[in-house]
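**Student:** I am attaching a structure below and will ask some questions about it afterwards.
FYI, it's all coordinate maths here, none of it is from the lab. Note that this is a predicted model, so its numbers are computed, not measured. Every residue, glycine as well, gets a Cβ built from its backbone with ideal geometry; the counts of neighbours run over all protein chains shown.
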Amino acid sequence: GHRGKHGKKGSTGPEGSTGKRGKKGSTGPEGSTGKRGKRGKKGPEGSTGHRGKRGPEGSTGKRGERGESGSTGPKGHKGDRGPRGHKGHQGSTGPRGHKGHKGSTGPKGHKGPRGKTGKQGGHGSSGSTGPRGPKGHKGSTGHKGHKGSTGPRGHKGPRGHKGHKGSSGSTGPRGHKGPRGHNGKTGHKGSTGPRGPKGRKGDHGSTGPRGHTGSGKTGKTGPAGCKGESGSRGPRGHRGRPCCTDFADFHGRVTGVANKVAPGQAVSFHNDGPFSGTGGIARVADDTFNLARKGTYQVMFQVSVQEMGKLVIALDSGNGVEELDYTVVGRSAEGSQIVGMAIVTTTANDTLLSIRNPARETKTLSVTPFASGSNPVSAHLVITKIQ
């Protein structure tokens with residue numbers, strides 16, 4: 001049946017007017033900081049008070065820093081050592097005399113012989129303090145000290161008085177045009193009419209002449225048409241080429257003592273695993289396998305050995321064993337697997353393949369079943385013909 005018509009699109013509603021923005025009040029100028037008051041005059045120095053009585057003698061203060069050593073004077077001549085006199089009897093200590101006036105310093109005499117240290121005399125009473133000496137000369141100005149750290153920030157001053165309102169400024173330039181308002185809501189879509197009964201399929205008409213290319217704008221995409229009937233099934237395609245034509249898995253499991261593989265000898269894989277059954281890859285011996293058709297093969301193997309060592313893939317097409325140097329794999333650690341994988345190409349039918357301890361090596365490898373636990377491990381060789 002015919003599809004119902006679309007409902008009319010509603011008209012766009014009028015754009016609402018933007019309300020006026022209130023004027024922002026002008027900020028008054030910040031008041032000036034008040035002047036700092038003048039510093040008061042220094043008061044007169046007070047008179048010196050009477051000197052108090054001498055207090056009791058205080059404890060000995062800390063030793064002052066050692067002053068700079070003066071220059072050494074000239075060394076005097078050593079006098080002749082006089083004869084040692086007899087030791088006299090020690091007399092009694094006489095009364096202490098009055099302190100005489102200090103005489104002028106006489107010339108330095110020659111250094112006499114050092115006498116024996118006499119007994120220490122008794123501690124005399126402390127004399128009265130002498131008169132205060134004259135004021136010394138003013139010393140030279142010392143070196144300029146380092147700049148001090150910045151002092152703490154001062155307190156914020158009082159807020160200034162509000163300034164007078166300034167005169168109104170001239171009208172500013174016209175502002176930019178505001179953004180366009182939102183479109184109004186789309187009108188309601190009309191309801192779809194009832195679907196009519198399915199009409200009879202008409203005859204397929206002949207193709208009409210191709211019309212001229214129009215120049216108008218591309219119209220809106222029309223509604224999806226009804227699903228057409230499925231076409232007849234096409235002819236069956238040619239059979240694709242298989243990804244692999246032959247495969248075989250050979251494995252070996254050592255029990256008890258490890259098998260020894262000397263340089264130039266092959267590793268034994270004496271058990272057969274899954275294989276394609278075409279005879280293209282077959283066993284010749286425990287350690288040798290026949291590749292019946294020439295082509296390209298993928299070879300993968302893993303062998304657990306006790307020593308550090310190497311293994312290599314070898315081919316024999318009738319002219320003797322040839323080790324493929326680019327397939328050599330190995331490791332320097334002990335007691336783990338040697339794993340190898342490579343693509344090899346044979347140039348003759350019935351080529352023999354083996355995994356060997358390289359003939360140029362000097363160490364004999366021990367294929368071991370031990371890898372912790374109770375289950376013995378196996379060695380594997382997987383050969384797949386890919387072309």
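**Student:** Taking segment 339-366, which residues are among the β-branched types (Val, Ile, Thr), surrounded by 19 or more Cβ atoms within 10 Å (Cβ to Cβ) and within 18 Å of SER268 (Cβ to Cβ)?
**Tutor:** ILE355
**Student:** Take the residues in segment 324-338 that are part of a strand (DSSP E or B) and touching a Gly at 6+ places or on another chain (Cβ under 9 Å), then tell me which one is surrounded by the most Cβ atoms within 10 Å (Cβ to Cβ).
**Tutor:** Going residue by residue through segment 324-338, those that are part of a strand (DSSP E or B) are 329-331, 336-338.
Subsequent filtering for residues that are touching a Gly at 6+ places or on another chain (Cβ under 9 Å) retains 329-331, 338.
On the way: VAL329: 16, GLY330: 16, ARG331: 14, ILE338: 22.
This residue is ILE338.
**Student:** Being among the hydroxyl-bearing types (Ser, Thr, Tyr) and within 23 Å of ALA262 (Cβ to Cβ) is the filter; apply it to segment 287-323 and report the residue that is surrounded by the fewest Cβ atoms within 10 Å (Cβ to Cβ). Don't jump to the end; show me each part of the working.
**Tutor:** Here is the first cut: in segment 287-323, the ones among the hydroxyl-bearing types (Ser, Thr, Tyr) are 288, 296-297, 304, 317.
Okay, now just the ones that are also within 23 Å of ALA262 (Cβ to Cβ), so 288, 304.
On the way: THR288: 17, SER304: 21.
Top of the filtered list is THR288.
**Student:** Please enumerate the residues belonging to segment 325-358 that are acidic (Asp, Glu) and farther than 13 Å from SER304 by Cα. Full working, then the answer.
**Tutor:** First, pick out the residues of segment 325-358 that are acidic (Asp, Glu): 325, 334, 350.
Correct list: ASP325, ASP350.
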